[in-house]
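Asker: Below is one structure. I have some questions about it.
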Amino acid sequence: MATTWHACAWPSTGSRRSPGRCSMTAARATDELSDPRPDWALQAGFANRFEAENEGCTPRNFSEFRDGKRLPAAALGSAAERAKRQRASAAAVDAARKKQEPELQPMAQILDASALLTTKLEPVRYAIPGWITEGVTLLVANPKAGKSTLILQAVLALVTGADFWGEAVPAGKALVIDLETNPRRLRRKLHEAGIAELPTGVLLYATAWPRGIFGIEAIAQAVDADQAIRFVVIDTWQRFRDNKPGLNAYQADYEAMAPLQQLCKERPGLAIVVIHHKRKADAADPIDSINGSAAMAGAVDAIWVLGRKGADYVLHVQGRDWERDEAEFLLTRAQGRWELSDAPRFSFSERQMLSALDKVGPASTAALAEALDITRQAALKRLQRMQGAGLVAFKEGAWYGLS
């Protein structure tokens, strides 16, 4: 059951939703018009809103009234004094209104786990199968370590429909917001990756972008205008985020990142990778090496930490929907590309198929396609490829695992 909200939500813009501006302003205006005895009218000495308005009293000038009558000009003082008093009155009313507003909270919903166990759920959606899921992924590494090159490699696999570390990537569109480069450097990176030309519109980029919530709204507008965009890169987080005064480090980090995660929740299938820097000090736990408070890790869906272990490069991966058994991968970097040094025995898609065979036993192509929630054609193609690799066999109308 979907979460229901008491008050404002992101306004809908078709099949995807855009954060835009919260509708609280409109809600306040409606509440004020429907309140027959607002505080400002009572403070001015009127019995209700209608008496006040008939005398020309409003929330902006109610301080000029007393006992239901406008004070004489001599009692109001100079124009500057009247303006100052009006500002103070408006601020007092606004503060009182904010204090009375209920905090926006989701409604409590108690569900039955027995129904959950029999409900067919949507599978995890991947931008890069087996590696990058929908939601926000934080990619962390030291400066100049090659993190931008790594994620560009994934982006190019997506926009060209190529493989990424042994996994076939369905073609799609990507938006790269690179705030630490310029068009000349980006073109050089593309050439170094072996890309001489691309189809029009599959790889969009920007080297300037609004910061903070305005930047998140701009992303929402871009992906809602072109719903084929399913992969967004923000490079780097420090140049994208804004800093709200008066918050401690944890609050500031969480409130900066949470709207980005909400944007993805409102748009199933959308993946956003945020590139960030590591701390200068070493940490035993890779998660502790993230520059910032613990909220940086808590507010995202997955984390990639690229670092060194002796002479080797190591990629540490954690995620809410991470479905591999491995969490660390050795990498090598050569000719502008990152490659797995210790590739898993099975690819992600192969492991999925073998797990399905373990659960349902020898099965037909149609049964396996249903178990994996993929088309029969896609299941057959995968099974035939695995048959050629000696991982499965077909006998008497059913597929068997050989691993």
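Asker: What's the number of the condition Gly135 fails, among (1) of a type outside the set (Ser, Thr, Tyr); (2) assigned by TED's automatic domain parsing to the domain that holds Leu260; (3) at pLDDT below 90; (4) in contact with an Asp or Glu (Cβ under 6 Å, 6 or more places away or on another chain)?
Answerer: All conditions are met except number (3).
Asker: Just one of Val305, Val314 is within 16 Å of Gly146 (Cα to Cα), crowded, with 18+ Cβ neighbours inside 10 Å and not charged (D, E, K, R); which is it?
Answerer: Working: Val314 fails: crowded, with 18+ Cβ neighbours inside 10 Å.
Residue meeting the stated conditions: Val305.
Asker: Right, here's the next one. Out of Ala378, Ala369, I need the residue that is without any contact (Cβ under 8 Å) to a residue 12 or more places away in the chain and surrounded by fewer than 17 Cβ atoms within 10 Å (Cβ to Cβ). Which one?
Answerer: After ruling out the rest, the residue left standing is Ala378.
Asker: Still on this model: Would you mention how many residues in the range 169-222 are part of a loop (DSSP other than H, G, I, E, B), out of contact with any Ser or Thr (no Cβ under 8 Å at 6 or more places or on another chain) and among the hydroxyl-bearing types (Ser, Thr, Tyr)?
Answerer: The total comes to 1.
Asker: Can you tell me which residue within the range 155-168, out of those that are part of a strand (DSSP E or B) and free of Cβ contacts under 8 Å to residues at least 60 places away in the same chain, is surrounded by the fewest Cβ atoms within 10 Å (Cβ to Cβ)?
Answerer: Asp163
Asker: For the range 249-270, check the following and say yes or no: at least one residue is assigned by TED's automatic domain parsing to the domain that holds Arg185, free of Cβ contacts under 8 Å to residues at least 40 places away in the same chain and loosely packed, with under 15 Cβ neighbours inside 10 Å.
Answerer: Looking through the range 249-270, none of the residues is assigned by TED's automatic domain parsing to the domain that holds Arg185, free of Cβ contacts under 8 Å to residues at least 40 places away in the same chain and loosely packed, with under 15 Cβ neighbours inside 10 Å.
Asker: Could you list, in sequence order, all residues of the range 297-332 that are of a type in the set (D, E, K, R) and not in a strand (DSSP E or B)?
Answerer: The answer is Asp301, Arg320, Asp321, Glu323, Arg324, Asp325, Glu326.
Asker: Could you list, in sequence order, the residues of the range 138-160 that are closer than 15 Å to Ala171 by Cα and either of a type in the set (A, V, I, L, M) or not assigned by TED's automatic domain parsing to the domain that holds Thr181 (or both)?
Answerer: Listed by number, the residues that qualify are Leu152, Ala154, Val155, Leu156, Ala157, Leu158, Val159.
Asker: Test Arg279 against the stated conditions and say whether it is modelled with pLDDT under 80 and either in contact with a strand residue (DSSP E or B) (Cβ under 9 Å, 6 or more places away or on another chain) or surrounded by 17 or more Cβ atoms within 10 Å (Cβ to Cβ) (or both).
Answerer: Against the criterion (modelled with pLDDT under 80 and either in contact with a strand residue (DSSP E or B) (Cβ under 9 Å, 6 or more places away or on another chain) or surrounded by 17 or more Cβ atoms within 10 Å (Cβ to Cβ) (or both)), Arg279 does not qualify.
Asker: Just one of (1) at pLDDT below 80; (2) more than 30 Å from Arg185 (Cβ to Cβ); (3) surrounded by fewer than 17 Cβ atoms within 10 Å (Cβ to Cβ) trips up Ala334, so point out which.
Answerer: (2)
Asker: Pairs under 9 Å by beta carbon, first residue outside the structural domain of Gly166 (by TED's automatic domain parsing) and in a loop (DSSP other than H, G, I, E, B) in the range 333-352, partner modelled with pLDDT under 75 and of a type in the set (Val, Ile, Thr), six or more apart or different chains?
Answerer: Partner pairs satisfying both residue conditions: none exist.
The values are calculated or read from the model by the stated rules, or taken from the named source; none is laboratory data. All values reported here derive from a predicted model rather than from experimental measurement. Cβ coordinates were reconstructed from backbone atoms using ideal geometry, including for glycine residues, and neighbour counts include every protein chain displayed.
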